[in-house]
Amino acid sequence: DPKRIFDHAQSVFWVGHLAYLRGQMPEAEHEFRQYVLLADHLVRIDPKNLDWQAEAAYARGNVSVILLNTSRVPEGLEILTQQCDIWKRLAAAKPSYAFDLANTYGFIANAYEAEGDYAHAIEAQEKKLPALALVPDAEKNQQVRRSRFTVTAELSRLELMLGRTEAAHQHALKA
């Protein structure tokens with residue numbers, strides 16, 4: 001029964017979320033990984049259900065937060081890549097998911113930056129802009145406009161980290 005599986009998945013998420021808030025990372029990770037399994041089961045039951053696919057993406061985002069917060073960046077990047085692939089498919093089918101895709105690129109950029117890989121962090125930040133453009137009414141959407149500013153400011157900062165002052169300056173002027 002997909003409804004019961006979904007309800008259980010939500011319960012598992014909240015147990016994991018409480019463990020996360022308490023700083024109990026192993027417990028939170030366990031619960032969030034269970035959430036992934038349940039969400040993936042929903043997708044197997046009904047692969048065309050966009051809501052179930054979104055659950056699978058959200059579940060992976062939770063696991064990635066734990067991995068990144070426990071300095072397991074390569075594993076976190078692997079999970080974020082899976083999440084990104086899901087959001088790409090969903091955004092193509094339903095553009096309102098493009099904002100989630102853009103946010104995932106931001107998490108990927110943060111993960112690369114944590115590893116000192118500024119070039120890949122810049123690449124990920126740059127992918128946010130076309131994703132944000134897919135959001136319905138992007139030009140009027142204040143959240144999208146704020147995100148565009150943030151991307152440009154982040155690009156400026158990351159270019160500066162690489163010593164590319166002219167590129168950093170250009171991004172700062174654009175921001």
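The values are calculated or read from the model by the stated rules, or taken from the named source; none is laboratory data. The model shown is predicted, which means the values in this text are computed figures rather than measured ones. Positions of Cβ are backbone-derived with ideal geometry, glycine not excepted, and every protein chain shown enters the neighbour counts. For accessibility, only protein heavy atoms count, side chains too; no ligands or nucleic acids. Shrake-Rupley method; radii C 1.70, N 1.55, O 1.52, S 1.80 Å.
Solvent exposure of TYR112, expressed as accessible area, is near 60 Å², computed with a probe of 1.4 Å over the protein chains only. Among residues other than ALA93 with Cβ under 13 Å from its Cβ, the summed charge is +2 (Lys and Arg +1, Asp and Glu -1).
For LYS88, a cut-off of 18 angstrom between C-alpha atoms picks up these lysines, skipping any fewer than 8 places away in its own chain: LYS48, LYS127, LYS128. Remark: relative contact order (the chain) = 13 percent; criterion is Cα-Cα distance under 8 angstrom and separation of 6 or more residues. For the range 36-175, give the percent of accessible area contributed by carbon and sulfur heavy atoms, probe 1.4 Å, rounded to a whole number. For the range 36-175, the apolar C and S fraction of the accessible surface comes to 54 percent. Angle of helix 118-133 to the longest C-alpha principal axis of the chain, folded into 0 to 90 degrees and rounded to 10: 70°.
Rounded, prolate or oblate: pick one for the chain, where a ≥ b ≥ c are the square roots of the eigenvalues of its C-alpha gyration tensor, a/c under 1.5 means rounded, and failing that, prolate if a/b is larger than b/c, else oblate.
Details: a/c = 2.56, a/b = 1.52, b/c = 1.69.
Taking the square roots of the gyration eigenvalues as a ≥ b ≥ c, the chain is oblate.
Show that you can apply the helix-only estimate: for the chain, add -39,500 (n - 2.57) for every DSSP H stretch of four or more residues, divide by all residues, and state [θ] at 222 nm to the nearest 500. Could you put the intermediate results ahead of the total?
Numbers: 8 runs with 145 residues, N = 175.
Helix contribution divided over all residues of the chain: -28000 deg cm²/dmol.
Among the protein heavy atoms, those of ASP1 account for about 110 Å² of accessible surface (1.4 Å probe, every chain in place).
Shown are SER64, SER96, whose ranking by accessible area with a 1.4 Å probe and every protein chain present, most to least, is SER96, SER64. Projecting the Cα atoms of LEU50, GLN82, GLY23 onto the charge dipole of the range 15-99, computed from C-beta unit charges around the Cα centre, puts LEU50 farthest toward the positive end.
To the nearest 10, the accessible area of HIS171 is 40 Å² with a 1.4 Å probe.
Across the protein chains, with a 1.4 Å probe defining accessible surface, the residues GLU78, GLU123 rank GLU78, GLU123 from largest area downward.
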